[in-house]
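*Asks:* Just dropping this structure here.
The values are calculated or read from the model by the stated rules, or taken from the named source; none is laboratory data. Fair warning: this is a prediction, and the values are worked out from it, not measured in the lab. Cβ atoms come from the backbone with ideal geometry, glycine included; neighbour counts cover every protein chain shown. For the accessible areas, the whole protein counts, side chains as well, though only heavy atoms, and no ligand, DNA or RNA atoms are used. Shrake-Rupley method; radii C 1.70, N 1.55, O 1.52, S 1.80 Å.
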Amino acid sequence: SRPAPVRECAAQLLLSLVERIGVTQLAGTPRAERLPHVAGKLAQDCHKDTRHYGQEMVKMLLNHQQFKMLLEQSLSPRDL
C-alpha cells in the first residue's frame, strides 16, 4: 500500500501475529514461504516505524532454519 500509516499498521499487526503464534508454528503453514519476503520488504521500507517492525520480524525469522534459508533466497546478502 502506498500510504505510510497503512504499511506501518500492517507491519505492526504482522509482527504481533508472528510473536503470538511463534515462528516454529508458522513454518508449518501452507504459505510460509511468503512471510520472509514480506518481512524483508517491510524491513527496507522508507518509513522508519515500518522498517523497525520489519527488522524485528527478520530477526525472529533468522532464528528458524527454514525461514533463514527463505530469507537468504529472497533478499540479497547486503540487505540481510
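*Asks:* Quick check, is R2 open to solvent by 90 Å² or more (accessible area, probe 1.4 Å) and part of a loop (DSSP other than H, G, I, E, B)?
*Replies:* In short, yes.
*Asks:* If you don't mind, there's one more thing I want to ask. Which residue is nearest to L75 (Cα to Cα), if the candidates are limited to region 5-49 and must be of a type in the set (D, E) and open to solvent by less than 80 Å² (accessible area, probe 1.4 Å)?
*Replies:* Residues of region 5-49 of a type in the set (D, E): 8, 19, 33, 45, 49.
Those left that are additionally open to solvent by less than 80 Å² (accessible area, probe 1.4 Å): 8, 45, 49.
Numbers: E8: 20, D45: 14, D49: 20 Å.
Once the filter is applied, the top-ranked residue is D45.
*Asks:* Just to be sure before I move on: is H52 surrounded by fewer than 16 Cβ atoms within 10 Å (Cβ to Cβ), in a helix (DSSP H, G or I) and not hydroxyl-bearing (S, T, Y) in the structure I sent?
*Replies:* It is false that H52 is surrounded by fewer than 16 Cβ atoms within 10 Å (Cβ to Cβ), in a helix (DSSP H, G or I) and not hydroxyl-bearing (S, T, Y).
*Asks:* Follow-up. Evaluate the following for D45: is it closer than 18 Å to E8 by Cα, in contact with a helix residue (DSSP H, G or I) (Cβ under 6 Å, 6 or more places away or on another chain) and either of a type in the set (K, R) or not in a helix (DSSP H, G or I) (or both)?
*Replies:* Yes: the conditions hold for D45.
*Asks:* Hey, does region 60-67 have a residue that's surrounded by 18 or more Cβ atoms within 10 Å (Cβ to Cβ), of a type outside the set (K, R) and not in a helix (DSSP H, G or I)?
*Replies:* Yes, region 60-67 contains at least one residue that is surrounded by 18 or more Cβ atoms within 10 Å (Cβ to Cβ), of a type outside the set (K, R) and not in a helix (DSSP H, G or I).
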